[in-house]
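What follows is a short report on a single structure.
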Amino acid sequence: MDIEQENRRLQRLVEQQSRTLDAILSVSPDPIFMSGTDGRIVYVGSSALELLGLPLEEVIGRRWQDFGLSAEIMAPFQAHREEVGRTGIAFKGEMPFPTPSGLRYFEYTLIPVPGEDGGFPYVVTNARDITVRKQAEDRLLKLNRALLVTRNCTRTIVDAEKESGLLQQVCDVIVSEGGYRFAWAGYAEHDDRRTVRPVAASGHADGYLDTLRMSWSEGQERGRGPGGNAVRSGRPVIVRDIRTDALVGPWREEALLRGYESLIALPLSAAGESYGVLVIYATGPDAFDPEEAGLLEELADEIAHGIRTLRGDDERERLEEQLAQARKMEAVGRLAGGIAHDFNNLLTTINGYAALMLQGLSNDGPLRPQAMAILQAGERAASLTRQLLAFSRRQLLHPQTIDLNVVIDRMIGTLQRLIGDDVDLVIRFAPEPCLVLADPVQIEQVVMNLAVNARDAMPRGGRLSLATLNLAPGEGNFPALPPELASKACGLLVISDTGIGMTAEILSHAFEPFFTTKDTVEGTGLGLSTVYGIVRQSGGIVRADSAPDRGTTFEIFFPASDATASMPARPGQENISSPPEVSGGAETILVVDDSETVRGLVCEILMQAGYTVFNAGDPEEATATCELRGNSVDLLVTDVVMPGMTGVELAARLLKSFPGMKVVYISGYTGDAIVDEGFLDPGCTFLQKPFAPDTLLEAVRKALDE
Ligand code: ADP
């Protein structure tokens with residue numbers, strides 16, 4: 001009886017304790033369970049029932065695996081639960097838990113319950129919903145990585161010196177600091193397909209870019225993806241799940257293969273127009289939340305701004321380089337012009353006296369070969385000096401309206417012989433006449449020099465292409481007009497080869513006189529400098545584009561002429577070696593030149609031919625001598641550039657006293673003033689030093705007879 005009473009009391013006590021426990025546990029917001037060694041649930045709190053959404057009787061006696069949770073989620077939990085039952089040591093862990101209203105996260109504590117025999121037959125699980133904390137942490141983590149990326153990229157942008165490297169560094173930072181799986185950046189090209197051309201990439205690519213073939217054209221399937229949309233709209237495009245988003249259709253398979261599950265495409269824009277895109281891929285869907293996307297959008301703006309600044313810097317640098325180059329050419333040109341001028345005086349004397357000597361030596365005289373050698377060396381020196389003069393833009397030009405088409409057409413035979421059989425000659429003429437104001441002989445020289453270089457650059461054959469083109473003033477031309485000629489209509493001559501090309505270093509020196517990469521026999525280094533001088537003197541611009549093994553293209557722009565083409569025969573070129581028959585005369589000639597040796601030579605040539613000659617060292621002396629002598633002067637042979645007064649002014653003065661007087665000008669170069677002021681009208685007689693005795697006699701006779 002006593003025992004029965006005692007049992008009932010204990011029973012009530014246990015029930016009371018259980019109700020007390022229930023009452024306590026019912027106010028706990030944490031879901032609580034207790035399970036036995038067989039894994040069956042023996043106790044469940046009211047919050048736990050709410051979480052499972054089941055009544056008590058459907059929970060008690062069942063095992064965890066009966067609730068349809070995935071093995072992936074349950075396996076670690078169960079392992080820990082078993083360990084706690086075995087060791088009696090409590091454990092804390094975290095697990096995701098899918099519910100009908102979305103994924104939640106729980107932190108659970110496993111508490112061992114001791115049994116009578118010293119074992120732990122039950123384990124209590126106290127779970128706490130940490131979803132909010134977890135989400136905040138996750139957001140913080142993402143923000144943090146975006147911030148880290150932004151900070152490091154900003155540093156990269158500030159430090160960047162070249163655009164080419166900047167995007168690569170940005171992609172590197174995005175992957176290494178941000179922990180994103182892959183990032184690439186590309187430019188929106190304006191080709192037919194509107195290609196988005198990748199220029200930098202970092203991370204787990206595994207050939208992904210080769211499969212990309214992205215476009216930004218709305219008319220193409222591969223233009224309607226995230227990248228194309230971002231470029232067109234100028235707004236970021238987020239793909240939350242690559243598995244399901246329709247936008248990534250053509251790329252889905254390749255992307256998933258490489259573990260990309262979500263992405264953000266950020267436009268790179270300047271002045272309201274997108275010129276490229278930066279695409280970042282992450283593992284896991286939904287990797288880019290709005291705050292992170294906002295930060296990355298700011299980053300893309302900063303990158304675009306950085307690129308804009310760098311492009312400005314590059315442009316400035318390019319202009320500065322151009323200016324420095326132009327100044328260098330100007331200085332070298334002045335130097336070369338000065339040297340050529342002095343040499344021409346010297347060579348007039350050397351070659352002139354050598355020629356006179358030859359005339360006086362018998363055909364089999366022992367000194368004849370030596371005098372011949374002097375004359376030949378002098379002629380070679382004169383030819384080099386002429387090229388220097390051309391470079392320094394002080395050559396005598398005979399500009400006239402010419403059709404570049406006709407000039408080139410006439411040269412086809414010569415060019416073909418020059419380049420040989422291994423090189424194809426391809427010519428494309430402008431459909432309309434290509435009229436420019438230039439000296440046709442000099443333009444031929446330009447084409448020849450460029451063709452010789454092209455041939456030398458293609459020892460194993462290739463293609464030499466020539467093209468003429470009419471360009472309208474202003475923008476919109478291809479190729480674009482050089483800034484100096486932007487407001488003018490231009491005739492363009494393009495000469496390109498498929499030869500060895502030039503490095504940037506060689507290209508930067510190519511137009512300098514005496515710069516050559518050929519061995520000395522072949523190259524004088526004067527070919528391109530002559531081209532440069534002729535083109536510049538004709539008011540044109542020459543541009544060269546080249547890269548090693550990629551051939552070379554020269555573009556020569558001439559201001560267009562609106563006159564109709566006129567190509568009369570040019571006045572005869574002076575020719576030392578084959579003198580025409582010339583006769584002297586008995587007229588009176590005044591010779592004025594400030595170089596005593598040249599003056600002496602000219603006088604001697606003229607006197608030998610029978611003329612009455614007197615001379616003066618400068619215009620003042622010339623005037624005084626004329627006044628003193630009082631006799632008439634039939635012809636004046638005068639230097640053009642002299643101290644005090646030019647030859648032109650002297651002639652004008654003397655013409656007042658001797659109205660019938662004829663004039664022959666001689667000069668070491670045509671000074672800029674003479675050319676610019678248009679003094680040398682086609683009618684006047686001009687001899688460029690050095691000249692041969694017979695050339696002088698011929699010019700004199702012709703002038704007198706006119
Ligand atoms: P040269 O031909 O006597 O060397 P140039 O002034 O004509 O002198 O050319 C200077 C240098 O420019 C050449 O030695 C060569 O290195 C380079 N060059 C010129 N034209 C070409 C070309 N078409 N292809 C490759 N290199 C060229």
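Brief remarks follow.
- Sparse-neighbour loop sites [trypsin sites (Lys or Arg not before Pro); the range 222-285; at most 16 other C-beta within 10 Å; DSSP]: 240, 243
- Once the chain from residue 57 to residue 168 is taken as fully extended at 0.36 nm per residue, the excess over their C-alpha distance is 33.7 nm.
- If you plug the beta carbon distance of residue 452 and residue 322 into 1/(1 + (r/R0)^6) with R0 = 35 Å, you get a FRET efficiency near 0.85.
- Taken about its Cα centre, the chain carries a charge dipole of about 560 debye when Lys and Arg each add +1 at the Cβ and Asp and Glu each add -1 at the Cβ.
- Of 68, 490, 325, farthest towards positive along the dipole that unit charges on Lys, Arg, Asp, Glu beta carbons give the chain: 68
- Residue-wise HN-Hα couplings along the range 271-287, as the Karplus relation 6.51 cos²θ - 1.76 cosθ + 1.60 with θ = phi - 60° gives them from phi, are 6, x, 10, 7, 10, x, 8, 10, 10, 10, 10, 10, 7, x, x, 6, 6 Hz; Gly and Pro carry x.
- Cα gyration tensor shape for the range 7-122, rounded if a/c is under 1.5, else prolate or oblate: oblate
- Projecting the Cα atoms of 619, 398, 111 onto the dipole axis of the chain, where Lys and Arg carry +1 and Asp and Glu carry -1 at the beta carbon, places 111 farthest toward the positive end.
- Of all DSSP bridge pairs formed entirely within the range 396-519, close to 65 percent run antiparallel.
- For the chain, the relative contact order comes to 8 percent (Cα pairs under 8 Å, sequence separation of at least 6).
- The mean sequence separation of alpha-carbon pairs under 8 Å and at least six residues apart, normalised by the residue count of the range 196-248, gives a relative contact order of 23 percent.
- A prolate overall shape is assigned to the chain, the ratio a/c of its alpha-carbon gyration tensor axes (a ≥ b ≥ c) being 1.5 or greater and a/b exceeding b/c.
- Ascending count of other beta-carbon atoms within 10 Å, so fewest first, for 49, 310, 493: 49, 310, 493
- Those residues of the range 460-493 whose amide nitrogen sits under 16 Å from the label point placed on residue 273, 7 Å along Cα→Cβ: 475-478, 480
- Counted over the chain, the DSSP beta bridges are approximately 75% antiparallel.
- Exposure proxy ranking, count of Cβ atoms within 10 Å, fewest first, for 307, 666, 111: 111, 307, 666
- Placing a pseudo-label 7 Å from each Cα along the Cα-to-Cβ vector at residue 22 and residue 87 gives an inter-label distance of 3.6 nm.
- Across the range 169-291, Cα pairs under 8 Å and at least six residues apart give a relative contact order of 25 percent.
- Length released on extending from residue 6 to residue 313, taking residue separation times 0.36 nm less the Cα-Cα span: 100.7 nm
- Theoretical FRET efficiency, 1/(1+(r/R0)^6), r = Cβ-Cβ of residue 302 and residue 629, R0 60 Å, to 0.05: 0.10
- Efficiency of FRET between residue 432 and residue 199 - r from beta-carbon atoms, R0 30 angstrom, step 0.05: 0.15
- Charge dipole (the range 220-314, unit charges on Cβ, about Cα centre) - positive-most of 227, 281, 238: 227
- You can think of it this way: the chain between residue 398 and residue 475 has 24.6 nm of extra reach, that is 0.36 nm per residue less the Cα-Cα gap.
Here, each number is a calculation from the coordinates, and none is a lab measurement. Because the structure is a prediction, the values reported are computed rather than measured. Glycine also receives a Cβ, built like all others from the backbone with ideal geometry; neighbour counts cover every protein chain displayed.
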